[in-house]
Each structure stands twice: as C-alpha cells, then as structure tokens.
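Right, one structure below, let's go through it.
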Amino acid sequence: MRHYWISAVVIAVISAVVVGVAHYSTSKPTYSSNADVVFTSRAFESFRDPDSAASYTTSLVQTYSNYLQSPSVLGPIAKSIDPHMNVANLKQSIEFTPGTMLLQLSYESGSQAQGDKVMKALTDEVRKAVGQTPTTSDKTPVIEISRTSIATTQVAGTSASLGRSGAIGGLIGLVIGLVYLFLRALLNTRVRSIDDVLEIADSSVLAALPRPVDAGTDVAVLARNLRFIAPRDGARTVLLASATPGEDAGRVALRAADELAASGERVLLVDADLRGHAASTAAGASGEGLADVLAGRAEAADVVAARDGAALIGAGSQVGNPAELLAGERLGAVLGALAADYDEVILAGAPVLSGSDSLLIAPLVAATVPVIGLGRVTRPELTETLELLESGEATVGGIVLTGVTRPASGKDLYSPMATAVQH
C-alpha cells in the first residue's frame, strides 16, 4: 500500500473539503413546534365514580386526537403549506399524545413560521371540536379548553457549523481515502520496487535499469555482476529473458554484452528470441542467424556478425516452429561450441510467459536471468515466471529490473526510494 499513500492522502483531503463544504452549505436549522392543550372537565361533577369520569374525559381527548389526524383536518393544512404536500407525510411528522386532561402536539420542520402555522391550525380545530361536545343538563359544556400554548424552538445542533461540517468532512474523507488505498492495493498487484521483487524471489537483483536501456553506469553494474555467475561445465552462458513482452530483455542483453566486450573479454550475443528478434532489431542486424543454424541451413561460425561491441548471432530467418528448433539436440551442441570460442555467451530469449521457447533454452545454460519491468509485471506473473523456470530445472542467476527512475546524486540505486516506477 505504500505506493499509493500519497494519492490516497490527496483524495482524502479533496473528499474532506468537498463533503465539508457541501454539508455546511446545505445545513439548515430544524425547528420543533410544540402545542399543549389543557382541558377542564365537569364530568367529575356529573359522575359519581371518579374513575368513570376520568375514563370519559380521556376518551374525549382521544377522540379529539383522532379527529385531528383525519384527512379532513390535515388535508387543508397540508395544502396551505405546499399544494403538493402529501397528507400521509404530514401526519407522520406530527406526534399526537393524548392524556386525561391534556393533549400534546409536536411537529418538526425546517421553518419556524411553518411550525407555528401547523400548531395554530391544529389547536383551532381542537377548539371547534370541543365547541361541539355535548353539554350537561344545565347547558354547561362537559369539557372545555382552559389553556393552549404554542412554542417553537430551534433543535440544538441543526444550524450550520464550520466545526461540525469540518469534522464530518474529515471523517468521510478519511474513510474514502482508506477505501481507495485498500482497493488500489487489492486490485493493482504490479511489481513496483526492489522490495516487491525480493518479497517473491529468493534471487538477488543484479541491476536496476532505467527505460530505455542505454549504455552507462547502470549497465556496467549488470555486466560486472554477470561475471560472477558460475559457469556450467566450463561454459559461461547466460540467458536473459523477460517475463512478459515489452520489458526490454533484448536491449538489456545487447547493452550488457557490449559492456562486457568493452572490458576486453570475448563476448558473443545470441538472439534466441526467434519470434520477436528484439536483440537483432536493437543491433540493426538482419540475414541468417540462429534459426538457420538450428535448421541446418548454416554453420554458427558463418552467421557471426562482427560489431564494435560484442559479436552477434542474430535470430535469423522467420520460422513458424521456433519451439521445435530450440527443442532439438543441435542447440546444446551449438552453445557448447560457441562457449569454447568466447569468454561469455549472452543469449536474449523470448518472454517466459509467452511460450516455451526460453524454457527450452534455460536448462542448457549456466544461468537464466529474468528481466522484470517495474510497473508492467504483476506479482502473479513474476511468481509464475520463477515457478516455470524452477520446474524446468533452470538455474536463476539473479533478476534485472527495468523501468527504474534514476536516483539523485548520492542516493543508493537499490534503495526502495530510488526504485519508483517511471510514469
């Protein structure tokens, strides 16, 4: 996850600001309107049993509460607020609490005036209903309203607040940043540093090269490290092959071979990528080459091209069956003869995961060096490459990285900070 923390922080900050501003700009106060309707009852004078009087009074108050919740009452109130307001929604937003001598009404809205309006309309309806209540024998109302009160107050914490909006924005921004970080790490499994490689491979990193690969100090490091690869049966043969196409294995092999040749060694570069011809193309070579030698149409000594750097055997003619040619016994004999004439034989192979070509060559050379492009190869691809080489009895002599940024002066090329992927 360390590769994405900067972008995660940026996203978290931007999200926090956007959410905070949106929350502050859309924050509107909420008002709570409450009405108390207090009754007096003569039922206690008319009924001999106080419990019966209380029950009767309570039933009347409940009747008023039910009446206020009817569409005939709430419909006109809803239309007076908003012609499109739904009566059911208004009913759900009002709380009716009937008691023995008290009816309490509660309503929340975004406007103080609206709350007052709803409460006044409801209390007026209660007065009308009470006025139609049966009277006693002396024409005195059984129940009357002694007092009504309406109070509308702002609900605490509902007004716009920079502090609260900032806290909410910060929390949501943090969550978004963490989710982004987790998803990037989960979905993006590309190898991006030496540390990523060393977590998967037991082999050492022979060189960390920029892209494009050119002669220089970095290639000199690779050439020096290739000298320490132990020979096999006295032959110093090394295969450089990428995991997937586009990792510059052919150019890496060419530059390393030229660097070795510049030190005074007899070096031969063999382009064993009979499909891609990457090293031959980089060297500007054409004509007969390894494919023609393996097919029996030419001798190895006849197709060696002299260059200013290392000698070169190109890939040769285009063939439709490179795997069949490489699988024959002639390849081992050719490599043995060439190793006897040169101090170092460097082979540029085809991508390991693109076919079996390099896997057929790997058991015949002293060591195979995978070329891994940072930001191009995924962890599963690197793992599969190493497993295929191991199952093919290849000796992995180290790993070369490409696509590495050049470090500032004085910094270690192989430190994690110096191996960020070029974008």
If you go through SER93, SER106, the only one that is under 20 Å from VAL37 (Cβ atoms), open to solvent by 20 Å² or more (accessible area, probe 1.4 Å), polar (S, T, N, Q) and under 46 Å from the mean Cα position of the chain (by Cα) is SER93
In the set SER111, SER93, SER106, the lone residue that is small (Gly, Ala, Ser), touching a Phe, Trp or Tyr at 6+ places or on another chain (Cβ under 9 Å) and at pLDDT 95 or above is SER106
Among residues of segment 212-249 being at pLDDT 90 or above and in contact with a Pro (Cβ under 9 Å, 6 or more places away or on another chain), the residue nearest to ARG275 (Cα to Cα) is PRO245
Inside segment 132-154, the number of residues satisfying the requirement of being β-branched (Val, Ile, Thr), surrounded by fewer than 16 Cβ atoms within 10 Å (Cβ to Cβ) and at pLDDT 90 or above is 1
Practice task
For segment 340-352, indicate whether the set of residues that are among the small types (Gly, Ala, Ser) and on the phi > 0 side of the Ramachandran plot is non-empty.
Solution key: no
Expected single match for closer than 30 Å to SER27 by Cβ, under 52 Å from the mean Cα position of the chain (by Cα), of a type in the set (A, V, I, L, M) and surrounded by fewer than 13 Cβ atoms within 10 Å (Cβ to Cβ) among ALA113, ALA78 is ALA113
Note on segment 156-186: residues open to solvent by less than 40 Å² (accessible area, probe 1.4 Å) and of a type in the set (Val, Ile, Thr) are THR158
Out of (1) of a type in the set (Ser, Thr, Tyr); (2) open to solvent by less than 10 Å² (accessible area, probe 1.4 Å); (3) in contact with a Phe, Trp or Tyr (Cβ under 9 Å, 6 or more places away or on another chain), the one SER193 does not meet is (3)
Condition set more than 30 Å from VAL142 (Cβ to Cβ) and among the polar types (S, T, N, Q), scope segment 1-41, selection farthest from the chain's Cα centre (by Cα): answer is SER32
**Report entry** Meets criteria (closer than 22 Å to ALA348 by Cβ, modelled with pLDDT of 90 or more and either under 28 Å from the mean Cα position of the chain (by Cα) or open to solvent by less than 30 Å² (accessible area, probe 1.4 Å) (or both)) for GLY398
**Finding:** yes
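Yes or no, residue by residue, for (1) part of a helix (DSSP H, G or I); (2) within 22 Å of the chain's Cα centre (by Cα):
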| site | (1), (2) |
| --- | --- |
| THR148 | no, no |
| SER165 | yes, no |
| ILE172 | yes, yes |
| LEU178 | yes, yes |
Scanning segment 64-75 for residues that are open to solvent by 20 Å² or more (accessible area, probe 1.4 Å) and out of contact with any helix residue (DSSP H, G or I) (no Cβ under 8 Å at 6 or more places or on another chain), the one nearest to PHE44 (Cα to Cα) turns out to be ASN66
How many residues of segment 257-278 are among the small types (Gly, Ala, Ser), touching a helix residue (DSSP H, G or I) at 6+ places or on another chain (Cβ under 7 Å) and modelled with pLDDT of 95 or more? The answer is 1
(Q) Checking the structure you have, find out if any residue of segment 324-334 is under 41 Å from the mean Cα position of the chain (by Cα) and open to solvent by less than 30 Å² (accessible area, probe 1.4 Å). (A) no
Subset of segment 195-211, residues modelled with pLDDT under 85 and over 26 Å from ALA12 (Cβ atoms), comes to ARG211
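The values are calculated or read from the model by the stated rules, or taken from the named source; none is laboratory data. Just so it is clear, the structure is predicted and the values come from calculations on it, not from any experiment. All Cβ positions, even for glycine, are placed from backbone atoms using ideal geometry, and neighbour counts span all protein chains on display. The protein model used for the area step is the full one, side chains on, heavy atoms only, and it has no ligands, DNA or RNA in it. Shrake-Rupley method; radii C 1.70, N 1.55, O 1.52, S 1.80 Å.
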